[in-house]
Structures are given as structure tokens and as C-alpha cells.
Amino acid sequence: MDSHIPSPPTRRLSTGERENAIDRTIPLFPPAVEIDEHNYFDNNDPPEYLESMISGAQEFVKFHKNNRVVLVTSGGTTVPLENQTVRFIDNFSAGTRGATSAEYFLEHGYAVIFLHRQFSLLPYSRHYSHSTNCFLDFMEEKNGKVVVDPKYQEEMLSVLRQYQTAKEKNLLLLLPFTTINQYLHTLRALSVTLQPLKSRALFYLAAAVSDFFVPLHRIPEHKIQSKAGGSKLLMNLDPVPKFLHRLVEKWAPGAMIISFKLETDSSILLSKSRQALERYSHQLVIGNLLQTRKTEVVFVEPDTPAYWIRLTPAQEAAGIDIESLIIPAIVKRHTVWIKESGSSV
Ligand code: PAZ
């Protein structure tokens, strides 16, 4: 018997093939104007739960009418390919930036509305979920009872206390989304809900939002069937309207608005961040690279040189969160924003 098993032919994409696989030359899509907003929201139905979610948010905002409130968006939006969804397009975001930032905003006295991808990381529980450890690894059995392993006691007690304070003081409202459509409807409705707070409202838009989607009128109801002969599935995606300018001008006038810009090519990070700031006329773009997002970010603001925040190697080794440096820098800017608008707090 021939024991030689030939290895399967390896086929790697050549650089040329990879470059041509997707057309990356799509021109800059202009910011959405009023008609685009009507077109989108009139033709893509709101989620059924939206009204009850927003009435909860209104209560929360009323409760915090004299406080600073930050809306943190977190995690990735999905693009369903079928109405009864079996398949969808997703992205990498785990919600680390959003969940970690929310904790530091709470530490700085903010009330937090946490608009997050369902089942992504949450403030406080993030320390014990989605990790390589199963949560049971933090436990042990003692005298027939389950207790926290002594080596995690100190840290868990501190996290538990912060979590309980946030709950007792009604400082954290968790609102989930899954699809891009749910995200956009909820973002718009929440922006209007936050209007009474004026400059005390802060938007921290860290979610990784899909750039392309299938509009409702083109979504097939049922699971897409594969055809005999192995035919290709060709997708026809529309660009998601760029609503940030609408948010700045119409949905949340007076609020301070911060967006994130993610790139993978370091040579364009600054120019793309600056371009976003100029297109949408908001207060701050935080640029970050996929590869280094946990250790460095850059603040791009009007009439100001780029400002880098970086963890030192020692801070990195000590497990310091970069958000512990980002949030105080934002709080400082928000204080100026509130003062300049003539409000207090
Ligand atoms: O969720 P995560 O911590 O893994 O990633 C955070 C991030 C890179 C999604 C965020 O920092 C960000 O850049 N959000 C905006 C992405 C965009 O350009 O749409």
C-alpha cells in the first residue's frame, strides 16, 4: 500500500487577486440630508420594541435631568441577508472599548446609556465573561458551598461594589441592538430623548457600524437557497446613509458629539479622521487602528494638532486600560463644552 499521501495543492491568493477581490474605489458617500433621512426611516421599519425602550430611556433622562448623561454605543451592527434571518454580515467588534469606557464614565459621575450589540461585552461583567476562562473557573467549592476563588476575591469585590453602586443609583441603562436598522432607529430616538439635557448630553459613538446593508424591500423573506451547479451568491448592498451630520445638526443640537474612526492602514488614519471631523462638524474624532486600538488612539479636533494617547510599555504590562486615559481627557473637554454653552454641571 502506498503510504505516501500527497498534500493538497495549496492555493493562496496572489496580491493581485486580493487587490481585485473587492472594489475599494467607492467614492466618498455624501452625508445624509433630510430627504435621505425620510427615505431611510420611512422605508425601513422601526423595531417593534422601540416605543417601550424609549419610554424607559425617557424615565432615565428625567431621573438624571440635572446630571451629565453619556450615550455610549458599543459593539458591531449586523446586516441580515434574509428577513427570517439565518445568515447575516457581521464585524469583529467585541464591545471592549464601549464597555470599558462606560465604567470610566460612571467613575467620573456620569449616568450612562449603554446602547450595545446584544451579547457583546457589558460594563463590569466584562471582567468575567467572554474570557478564555469559563466563569466557573473563578469559583471553588468550600464546605459544600460555591465561593469565589481567593485569588480573585479582591478584584471581584471591587468590581461588584462598583456594579452595585451603579445599579442602586440608577446610573446605568443597558439597551441592546443587533441589526444596523435597529441601531439606527434607536440612535435617532435616543438622541431626541436626550435633547432636554442640552450640552450635558455627551455622545460617545464607539460602535462599529455597517457601511452597507440590504434595504427592507430587497430582503428575501426566507432562507436563501443554494442552486444546483454551485452558482455564486451575488450580493447587492446599498450604502448605509451617513447620519452623523443629521445627529449633530438636528437630532442632538447642543450635545457634545464624539465619533470613532477605525482604519487598518496607519498612513491614512489622521487624514480620514480629519476628513470625518470636517464632514460632520462635530467636536472630536478619536482615530484608532485595528492592530493597536488597545494601546494608542489619536484625538482629532477642530483647529488643534492631533493629540495622541498611548499606554507606556509599563502601563501595558500592568494591564492598565487605555480608556482610563481617554475618559478623563474627554471629561475635561466636556466641562469646557458645557461652560461655553452657558450651562452649569
Ligand atoms: O469593540 P472593540 O473594543 O473590539 O473595538 C472598538 C472599535 C475599534 C470598534 C472602536 O474603537 C471604533 O473605532 N469604532 C468605530 C468604528 C468605525 O470606524 O466605524
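The values are calculated or read from the model by the stated rules, or taken from the named source; none is laboratory data. Everything numeric here is computed off the predicted structure, so don't read it as measured data. Quick reminder, even Gly has a Cβ in these numbers, built from the backbone with ideal geometry, and neighbours come from all protein chains shown. All accessible areas refer to the heavy atoms of the entire protein, side chains included, with ligands and DNA or RNA removed. Shrake-Rupley method; radii C 1.70, N 1.55, O 1.52, S 1.80 Å.
Points worth noting:
- Taking each residue as 0.36 nm, the span from Q58 to S343 lengthens on full extension beyond its C-alpha to C-alpha distance by 100.5 nm.
- Nearest-0.05 FRET efficiency for S271 and R161, computed from C-beta distance (R0 41 Å): 0.40
- Ratio Rg/Rh [Cα only; Rh per Kirkwood] for region 127-239: 1.15
- The amide H of F260, built 1.01 Å from its N in the peptide plane, has L205, I286 as neighbours under 5 Å, considering only residues 5 or more places off or on other chains.
- Mean ellipticity per residue at 222 nm, deg cm²/dmol - from DSSP H runs of n ≥ 4 across the chain, formula -39500 (n - 2.57): -10000 deg cm²/dmol
- Divided by 2.2 N^0.38 Å, where N counts the residues, the Cα radius of gyration of region 59-185 comes to 1.24.
- The overall shape of region 175-330, judged from the alpha-carbon gyration tensor, is oblate: a/c is not under 1.5, and a/b is no greater than b/c.
- Distance violations [Cα-Cα > 22 Å] among K272/K294; K169/K250; K198/K294: K169/K250; K198/K294
- Karplus 3J(HN,Hα) series, Hz, for region 149-158 with 6.51 cos²θ - 1.76 cosθ + 1.60 (x for Gly, Pro): 4, x, 6, 9, 3, 4, 5, 5, 5, 5
- The C-alpha radius of gyration of region 283-342, expressed as a fraction of 2.2 N^0.38 Å, stands at 1.25.
- When nucleic acids and ligands are ignored and a 1.4 Å probe is applied, Y163 ends up with an accessible area of around 90 Å².
- Ellipsoid semi-axes in whole angstrom, largest first, where each is sqrt(5λ) of the Cα gyration tensor of region 29-71: 28, 16, 7
- Taking 0.36 nm per residue of separation and subtracting the current Cα-Cα distance, fully stretching the chain between L234 and S281 would add 13.3 nm.
- Sequence-distant aspartates and glutamates (8 or more away, or on other chains) whose Cα lies within less than 18 Å of K65: E168
- Candidates G56, G319, G230: whichever shows maximal mean-square fluctuation once the chain is modelled as a Gaussian network with Cα springs under 10 Å: G230
- Counting only Cα atoms, the size of the chain along its three principal axes is 77, 65, 44 Å, in decreasing order.
- Dimensions (Å) - region 141-185, Cα atoms, principal axes, largest first: 51, 24, 17
- Reciprocal of mean inverse Cα separation for region 191-234 (Kirkwood radius, Å): 15.4 Å
- Solvent accessible area, Å² - V148, 1.4 Å probe, full protein context: 30 Å²
- Cross-link reach list, aspartates and glutamates versus K151, counting only Cα pairs under 13 Å and skipping chain neighbours closer than eight places: D137, E140
- Along region 321-332 the Karplus relation, 6.51 cos²θ - 1.76 cosθ + 1.60 evaluated at θ = phi - 60°, assigns HN-Hα couplings of 7, 5, 5, 6, 9, 5, 5, x, 5, 6, 4, 4 Hz to successive residues, with x for each Gly and Pro.
- Contact order for the chain, expressed relative to its length and based on alpha carbon pairs under 8 Å spaced 6+ residues apart, stands at 20 percent.
- Amide proton proximity set for H108, modelled H, under 5 Å, gap of 5+: none
- Of the listed residues E154, E221, E82, the order by accessible area with a 1.4 Å probe, largest first, is E154, E221, E82.
- Anchor K167: aspartates and glutamates whose Cα lies under 14 Å away (excluding residues fewer than 8 positions away in-chain): E103, E107
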